[in-house]
Amino acid sequence: MAMNDRLKKTKLIVDNRRARHEYHILDRLETGIVLTGTEVKSIRQGHFSLQESYVVVRGGELFLVGAHISPYEQGNRFNPDPVRDRKLLAHKHEIYKLSVAVQQKGMTLIPLKAYFSDGRVKLEIGVARGKKLHDKRDAIKDRAVERDIKRQLKEKRFQ
């Protein structure tokens, strides 16, 4: 682990758990997000939702579409729209790589989690392919089997 990695302080804001259930995550990328001051204050209070949101590439730039940041209560009438499109910050070669990946059939960009890293809001996005219904059922069954095995091992330890 590098020295810079140990100095980084991260605090999870929101985790899009449904994304892991609905999609196979093939690749991940950390991006910054362009926000106003009142949006950051609202996020610090925990008013941020990634439900039903996705990422698009428009004009060589990444945008987060459909994420909801509630208006800051102590803000004024100039609070931004809660579901406006927000620009994501990434290098050009990363954006190009993502746009090429999305052009493949069945691929999409989805936000996985948002967190504070050294006081800045970061968004982890993933290149994903949608799961079929049988894949979801298999994943649920595998989790249930694993949970049962752990429970049985725990019971054997205490006997």
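Tabulated results
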read-out	value
Condition check for Tyr72: surrounded by 14 or more Cβ atoms within 10 Å (Cβ to Cβ) and out of contact with any strand residue (DSSP E or B) (no Cβ under 9 Å at 6 or more places or on another chain)	yes
Positions within the stretch 26-51 being under 30 Å from Asp138 (Cα atoms) and over 11 Å from the mean Cα position of the chain (by Cα), in sequence order	Leu26, Asp27
Any hit, the stretch 77-85, residues being in contact with a strand residue (DSSP E or B) (Cβ under 7 Å, 6 or more places away or on another chain) and in contact (Cβ under 8 Å) with a residue 40 or more places away in the chain	no
Single residue of Ala19, Ala90 found to be crowded, with 16+ Cβ neighbours inside 10 Å and either aromatic (Phe, Trp, Tyr) or modelled with pLDDT of 85 or more (or both)	Ala90
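The values are calculated or read from the model by the stated rules, or taken from the named source; none is laboratory data. Owing to the predicted nature of the structure, the values given are computational and were not obtained by experimental measurement. With ideal geometry, Cβ positions are generated from the backbone for all residues, glycine too; neighbour counts draw on all protein chains shown.
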